Amino acid sequence: MNVLDLCGGIGVLGRAFELEGFDVMAAWELDDKRASCYEQNTDATCNVADVTDLDAADLAAYSPPNQTVVIGGIPCQTYSQANNNAEHDTSLRDAVLDLVDAYDPAATALENVMLGWQGIDNVTKVRDCDVGGYTIRERGFKGLHNPPPRTHGDPGQARLDGQRLEPINGWAEALPGDENLMADFQQQAAYRDRNRLPVLPGHEPGYTLTSKSVNGFLLWDEANRSSIRWLDTDDMARLHGMDPDKWTFPETKTATAAAIGDSVPLAMGRAVARQLRRQIPTLELTDG
Ligand SMILES: C[S@@+](CC[C@H](N)C(=O)[O-])C[C@H]1O[C@@H](n2cnc3c(N)ncnc32)[C@H](O)[C@@H]1O
């Protein structure tokens with residue numbers, strides 16, 4: 001089954017689909033540096049283009065709709081700062097949905113923050129650490145009929161089938177040291193004023209990464225406080241399931257942090273791809 005990726009970023013979601021046996025035929029991405037990373041990180045072509053300029057024929061040029069899953073991360077900047085009262089601009093989201101409707105593919109898995117899907121039906125929430133990832137990031141996927149089965153999560157909570165879940169796959173597994181703590185400086189100044197920082201021990205899933213995580217999270221080792229340091233972009237990559245030596249990122253640290261913060265963690269993307277295979281049993285896949 002073919003995949004087309006709208007707003008592809010550096011290709012983490014696209015690569016996740018490839019690893020699950022889908023053929024990513026093409027992607028579209030506005031930022032040329034991200035598009036170039038996309039082509040390094042996947043086997044697909046990534047067009048530098050504004051998706052609002054596309055029509056169904058542009059997608060059909062790469063793959064017939066009835067043999068295609070359309071995936072993509074709809075940019076969500078106006079939603080991501082937890083400003084629930086702000087006026088949200090849904091024009092880009094709605095343009096993407098109109099484009100996908102006109103193309104009429106076999107399936108979709110379009111990703112956004114849950115708030116970004118307000119007013120839209122058939123959105124399924126997926127949490128990274130429930131499906132083998134290292135963070136608590138959750139995202140809504142439009143087109144996924146059911147959430148992927150949980151493979152990880154709160155070990156005290158029994159699954160519906162009576163089996164116990166595996167223990168939480170903590171962020172410390174992605175970073176050196178087991179006893180590390182992670183403090184979230186992104187939580188507003190109010191916390192700092194009260195001398196209270198939200199702190200996670202290493203065996204809990206890590207916080208959701210954003211483009212500002214490099215300056216937002218502090219790591220330290222309980223046993224050796226002299227090792228206090230800021231989270232770096234290699235840490236961010238590992239927390240999203242990527243070996244930093246095997247992936248291509250934009251040249252600057254700021255652009256890399258932004259691209260990783262915008263990406264779908266690899267475990268989440270793979271779980272979504274596997275769930276689509278369950279949803280459409282007739283999908284024809286190559287070996288991943
Ligand atoms: C949420 S990120 C996608 C992340 C990607 N799925 C991944 O896992 O790496 C959204 C991307 O859309 C791009 N973008 C924003 N507006 C766009 C537009 N009008 N046309 C195409 N791409 C756009 C942004 O540059 C950003 O890389």
- quick note, segment 31-152, DSSP beta bridge pairs, % antiparallel (nearest 5) is 60 percent
- Message: Quick check: at a probe of 1.4 Å, how many percent of the accessible area of segment 34-76 sits on carbon and sulfur atoms?
- Response: 41 percent
- Item | Per-pair calculated FRET efficiency, R0 = 35 Å: E138 and L19 via Cβ, rounded to 0.05 | 0.95
- Could you give me the ³J(HN,Hα) list for segment 111-122, computed from phi with Karplus coefficients 6.51, -1.76, 1.60 and θ = phi - 60°, whole Hz, x at Gly and Pro? 10, 7, 5, 4, 4, x, 9, 3, x, 10, 8, 6
- Amide H proximity to T135 below 5 Å, modelled H, separation 5+ or other chain, gives C129, G206
- Listed by chain and number, the residues whose amide H is under 5 Å from that of H152, excluding neighbours fewer than 5 places away on the same chain and using placed H, are V131, G132
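Loop-only trypsin sites (Lys or Arg not before Pro) in segment 2-34, please: DSSP not H, G, I, E or B, and at most 16 other Cβ atoms within 10 Å.
Details: sites: R15, K33, R34; in loops: none.
Listed in order of number, the matching sites amount to none.
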- In this structure, the FRET efficiency calculated for R278 and H203 from their beta-carbon separation, with R0 = 41 Å, to the nearest 0.05, is 0.85
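The values are calculated or read from the model by the stated rules, or taken from the named source; none is laboratory data. All values derive from a computational prediction rather than experimental measurement. Cβ atoms come from the backbone with ideal geometry, glycine included; neighbour counts cover every protein chain shown. Just the protein is used for accessible areas: all its heavy atoms, side chains included, with ligands, DNA and RNA removed. Shrake-Rupley method; radii C 1.70, N 1.55, O 1.52, S 1.80 Å.
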